[in-house]
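S.K.: Please find one structure pasted underneath; my questions will follow.
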4 protein chains.
Amino acid sequence: MKNLLKIIREFNRRRDWNQFHSPKNLAMALSVEVAELVEHFQWLNQAASRSPAPSKKEEIKDEIGDILIYLVNLADQLDIDPIQAALDKIKKNRKNYPVKLSKGNAFKYKE
Amino acid sequence: MKNLLKIIREFNRRRDWNQFHSPKNLAMALSVEVAELVEHFQWLNQAASRSPAPSKKEEIKDEIGDILIYLVNLADQLDIDPIQAALDKIKKNRKNYPVKLSKGNAFKYKE
Amino acid sequence: MKNLLKIIREFNRRRDWNQFHSPKNLAMALSVEVAELVEHFQWLNQAASRSPAPSKKEEIKDEIGDILIYLVNLADQLDIDPIQAALDKIKKNRKNYPVKLSKGNAFKYKE
Amino acid sequence: MKNLLKIIREFNRRRDWNQFHSPKNLAMALSVEVAELVEHFQWLNQAASRSPAPSKKEEIKDEIGDILIYLVNLADQLDIDPIQAALDKIKKNRKNYPVKLSKGNAFKYKE
């Protein structure tokens with residue numbers, strides 16, 4: 001991840017792109033990339049979505065790459081460590097979704 | 001990242017949630033989390049989006065955490081390494097956005 | 001629709017909100033509202049999504065209302081008639097998805 | 001709007017597409033179309049987003065058309081009248097955003 005961050009920074013620096021990379025713009029770009037991923041699955045049923053054709057899988061891999069690039073870039077602009085953010089969030093999720101109440105149930109237990 | 005993946009797998013295994021985690025469903029959940037991030041920036045101008053208030057920043061960090069959790073989870077369901085996907089995608093981006101044509105210009109050079 | 005447009009304009013005028021309603025901001029807000037709709041369906045299978053519980057259906061109706069409000073507002077800012085835009089787009093779709101090639105097949109025939 | 005609904009129903013019936021049009025799938029497709037709209041604005045500042053170039057504006061009109069088509073289609077699958085949903089939602093919004101507290105302020109007054 002550290003290596004990826006370094007490469008992203010260098011990529012942007014060489015193109016003088018930080019001027020465009022406000023968190024507002026990057027959040028928009030992130031949502032566009034996620035939609036390109038969603039598009040691959042929109043007409044499939046759930047079972048089919050688990051085993052995409054190899055050519056589709058390569059495209060899906062590219063979209064996952066794009067999403068991570070924008071996410072790391074956005075987090076960097078705000079001086080946030082995304083791995084740490086995820087680890088901290090999982091701690092909160094453990095409280096919001098206790099095993100006893102959430103086993104086999106995807107909804108928040110308050111619902 | 002490897003540690004994060006291990007923790008996410010264990011979190012889901014204990015709750016028996018893999019049944020819900022088709023790529024189709026996870027792509028939807030990912031798009032919902034990204035929208036929760038977008039919401040923080042929707043009425044701000046770009047300059048203001050660069051320096052959110054501390055309380056907002058904590059919420060933004062949580063959203064970034066959620067997005068990474070779902071992205072890692074989705075990639076794992078499809079046996080894709082998200083870091084590798086990002087590194088491979090940057091190689092493609094170098095060709096799509098050559099420095100000479102992209103410097104100070106956020107658009108694909110074909111446009 | 002004309003009546004709805006008139007009511008939306010008056011709602012915004014009284015709150016002096018046109019200053020926030022750039023197409024950029026409204027597109028973001030629209031994507032957030034759509035995600036709130038997506039959230040209702042993310043863990044359901046397709047059959048279940050066709051018959052939501054009455055309390056859920058009321059919330060879904062509210063989200064559909066919000067989406068239409070933002071869409072009408074955004075179109076109005078750009079002086080676009082959304083009904084005409086939809087009618088014109090369907091004409092294009094008839095060419096992109098000819099009956100012979102699209103019957104029972106959700107994908108563009110080029111694919 | 002009634003005419004548009006009739007045309008959309010006929011378009012889908014001739015292609016036998018109702019089998020794909022679960023609310024879950026349509027919500028995904030709607031989010032993809034909205035992202036295609038967002039993409040037009042992601043690198044623009046707010047002022048520039050108010051006056052897109054004529055060629056861009058034609059594309060934006062198409063996206064607005066697609067969004068309305070999917071929204072009308074989704075609402076129809078759930079037997080919801082989108083215009084009525086918007087009118088009812090504005091009534092709620094009047095309470096959530098009273099003029100006195102919301103004038104010149106885009107945020108919910110609770111915040």
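The values are calculated or read from the model by the stated rules, or taken from the named source; none is laboratory data. Everything numeric here is computed off the predicted structure, so don't read it as measured data. Glycine gets a Cβ as well: all are built from the backbone with ideal geometry, and neighbour counts include every protein chain shown. Note: accessible area is taken over every heavy atom of the protein model, side chains too, but ligands, DNA and RNA are not part of it. Shrake-Rupley method; radii C 1.70, N 1.55, O 1.52, S 1.80 Å.
S.K.: Just to be sure I understand, how many residues within the range A:82-111 are at the interface with chain B (Cβ under 9 Å from one of its Cβ atoms) and outside any loop (DSSP other than H, G, I, E, B)?
M.R.: Within the range A:82-111, residues that are at the interface with chain B (Cβ under 9 Å from one of its Cβ atoms) and outside any loop (DSSP other than H, G, I, E, B) number 14.
S.K.: Given (1) hydrophobic (A, V, I, L, M, F, W, C); (2) touching a residue at least 40 places away in the same chain (Cβ under 8 Å); (3) under 19 Å from A:Ile83 (Cα atoms), where does B:Phe11 come up short, assuming only one miss?
M.R.: Answer for B:Phe11: the failing condition is (2).
S.K.: Of the conditions (1) under 16 Å from B:Asn93 (Cα atoms); (2) part of a helix (DSSP H, G or I); (3) more than 9 Å from chain D (Cβ to nearest Cβ); (4) free of Cβ contacts under 8 Å to residues at least 60 places away in the same chain, A:Ala29 clears all except one; give me its number.
M.R.: Evaluating A:Ala29 over (1) under 16 Å from B:Asn93 (Cα atoms); (2) part of a helix (DSSP H, G or I); (3) more than 9 Å from chain D (Cβ to nearest Cβ); (4) free of Cβ contacts under 8 Å to residues at least 60 places away in the same chain leaves (3) as the failure.
S.K.: Check the range B:4-21 and report whether any residue there is among the charged types (D, E, K, R), at the interface with chain C (Cβ under 9 Å from one of its Cβ atoms) and in a helix (DSSP H, G or I). Give the derivation first.
M.R.: From the range B:4-21, those among the charged types (D, E, K, R) are B:6, B:9-10, B:13-16; that's our starting set.
Filter again for at the interface with chain C (Cβ under 9 Å from one of its Cβ atoms), leaving none.
Within the range B:4-21, not a single residue is among the charged types (D, E, K, R), at the interface with chain C (Cβ under 9 Å from one of its Cβ atoms) and in a helix (DSSP H, G or I).
S.K.: With the structure loaded, tell me whether C:Glu58 is within 12 Å of chain B (Cβ to nearest Cβ), at negative phi and assigned to a helix (DSSP H, G or I) or whether it fails that test. Even if it seems obvious, please write down each step before you answer.
M.R.: Numbers: within 12 Å of chain B (Cβ to nearest Cβ): no; at negative phi: yes; assigned to a helix (DSSP H, G or I): yes.
Taking the combined requirement at face value, the residue does not satisfy it.
S.K.: When only residues in the range C:36-65 that are more than 22 Å from A:Gln46 (Cβ to Cβ) and open to solvent by 30 Å² or more (accessible area, probe 1.4 Å) count, which is nearest to the chain's Cα centre (by Cα)? Step through it out loud before you land on a result.
M.R.: The initial filter retains those residues of the range C:36-65 that are more than 22 Å from A:Gln46 (Cβ to Cβ), namely C:54-55, C:57-59, C:61-65.
Keeping just the survivors that are open to solvent by 30 Å² or more (accessible area, probe 1.4 Å) gives C:54-55, C:57-59, C:61.
Details: C:Pro54: 22, C:Ser55: 22, C:Lys57: 17, C:Glu58: 17, C:Glu59: 16, C:Lys61: 12 Å.
Step by step, filter the range C:36-65, then rank; the result is C:Lys61.
S.K.: Here's a follow-up. Would you check if B:Val72 is closer than 27 Å to D:Leu44 by Cα, assigned to a helix (DSSP H, G or I) and among the β-branched types (Val, Ile, Thr)?
M.R.: Working: closer than 27 Å to D:Leu44 by Cα: no; assigned to a helix (DSSP H, G or I): yes; among the β-branched types (Val, Ile, Thr): yes.
Taking the combined requirement at face value, the residue does not satisfy it.
S.K.: Can you name the condition, by its number, that D:Asp79 falls short on among (1) part of a helix (DSSP H, G or I); (2) open to solvent by 40 Å² or more (accessible area, probe 1.4 Å)?
M.R.: Unmet for D:Asp79, out of (1) part of a helix (DSSP H, G or I); (2) open to solvent by 40 Å² or more (accessible area, probe 1.4 Å): (1).
S.K.: Within the range D:37-48, is there a residue that is touching a residue at least 12 places away in the same chain (Cβ under 8 Å) and closer than 30 Å to B:Ala53 by Cα?
M.R.: For the range D:37-48, residues touching a residue at least 12 places away in the same chain (Cβ under 8 Å) and closer than 30 Å to B:Ala53 by Cα: present.
S.K.: Could you list all residues from the range C:82-102 that are open to solvent by less than 80 Å² (accessible area, probe 1.4 Å) and among the basic types (Lys, Arg)?
M.R.: Of everything in the range C:82-102, just one residue is open to solvent by less than 80 Å² (accessible area, probe 1.4 Å) and among the basic types (Lys, Arg), namely C:Lys89.
S.K.: Any residue in the range A:66-73 that is of a type in the set (Ser, Thr, Tyr) and open to solvent by 30 Å² or more (accessible area, probe 1.4 Å)? Spell out the reasoning first.
M.R.: Residues of the range A:66-73 of a type in the set (Ser, Thr, Tyr): A:70.
Now drop any that are not open to solvent by 30 Å² or more (accessible area, probe 1.4 Å), which leaves A:70.
There is at least one residue in the range A:66-73 that is of a type in the set (Ser, Thr, Tyr) and open to solvent by 30 Å² or more (accessible area, probe 1.4 Å).
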